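The values are calculated or read from the model by the stated rules, or taken from the named source; none is laboratory data. Remember, it's a predicted structure, so these values are computed and weren't measured experimentally. So basically every Cβ, Gly included, is an ideal-geometry build from the backbone, and we count neighbours across all protein chains shown. The accessibility values were calculated without ligands, DNA or RNA, using every heavy atom of the protein model including side chains. Shrake-Rupley method; radii C 1.70, N 1.55, O 1.52, S 1.80 Å.
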Amino acid sequence: DIQMTQSPSSLSASVGDRVTITCRASQSISTSLNWYQQRPGKAPKLLIYAASSLQSGVPSRFSGGESGTDFTLTISSLQPEDFATYYCQQSYAVPYTFGQGTKLEIK
Amino acid sequence: QLQLQESGPGLVKPSETLSLTCSVFGGSISSSDYYWDWIRQPPGKGLEWIGDMRYGGSPYYSPSLKSRVTISMDTAKDQFSLKLTSVTAADTAVYYCARHPRGSTYFDPWGQGILVTVSS
């Protein structure tokens, strides 16, 4: 299985901050990487697919990037509704696997 | 707008079979353009893909669960189902159904999820 490792596991930030979450794949996965946001008690919500494509309806402050097997999710200016847990997911090979999650908390 | 909704028992006894159904509203599962997925999340933990199925295709299962999982479709009702046999406490989780397009495995939309507890 392809292992996905996110860092950090948790992050404290303030409204208006710029934050970046990183996801590293255990092998090459091309750009087959997706990002989700999950609020407490809710289902995950797709934010970014194919490493850098913004899902329809998602604010433009979210962006994705990639460099080799390292992928990033950047939120340019944190809003109160962005405090949640974020997951990456590889779609390169079955079984599709997720990172362990990054919990973004209010400082 | 496509919506998915999980249903089934919230409590299953150890060694028994977990059975869940996902109902699809606002669309049809009888399209070869999409796969229909099951994903689970133990309380306080991360996400685990269980398997998927496409109309006219064969199901794919996670190797870690393959011996216990069956995914099937009922096109007449626009529903797909999950069966997981010989459950233990480790199978306690919120179970989600979701969809992904053929050729691009991103999950969207998702159902609201259903908590299944394995306990005697």
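Summary of values
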read-out	value
Stokes-Einstein D in µm²/s, Kirkwood radius over Cα pairs - segment A:33-107 at 20 °C with 1.002 mPa s viscosity	168
Scattering profile of segment B:18-103 at q = 0.11, 0.15, 0.20, 0.27 Å⁻¹ [log10 I(q)/I(0), Debye over alpha-carbon scatterers]	-0.28, -0.53, -0.91, -1.48
Percent of Cα pairs exceeding the 22 Å cut-off, where the set is the protein assembly as shown	51
Lys pairs under 24 Å by Cα in the protein assembly as shown, provided they are eight or more residues apart or on distinct chains	15
Within chain B: Cβ-based charge dipole about Cα centre, in debye rounded to nearest 20 (Lys, Arg +1; Asp, Glu -1)	220
Listed residues B:Trp38, B:Ser64, B:Tyr96: farthest to the positive end of the dipole of segment B:1-104 (Cβ charges)	B:Ser64
Of all accessible heavy-atom area on the protein assembly as shown, the percent that carbon and sulfur account for (1.4 Å)	45
Shape metrics for segment A:1-44, restricted to C-alpha atoms - Rg then Dmax, Å	13.1, 37
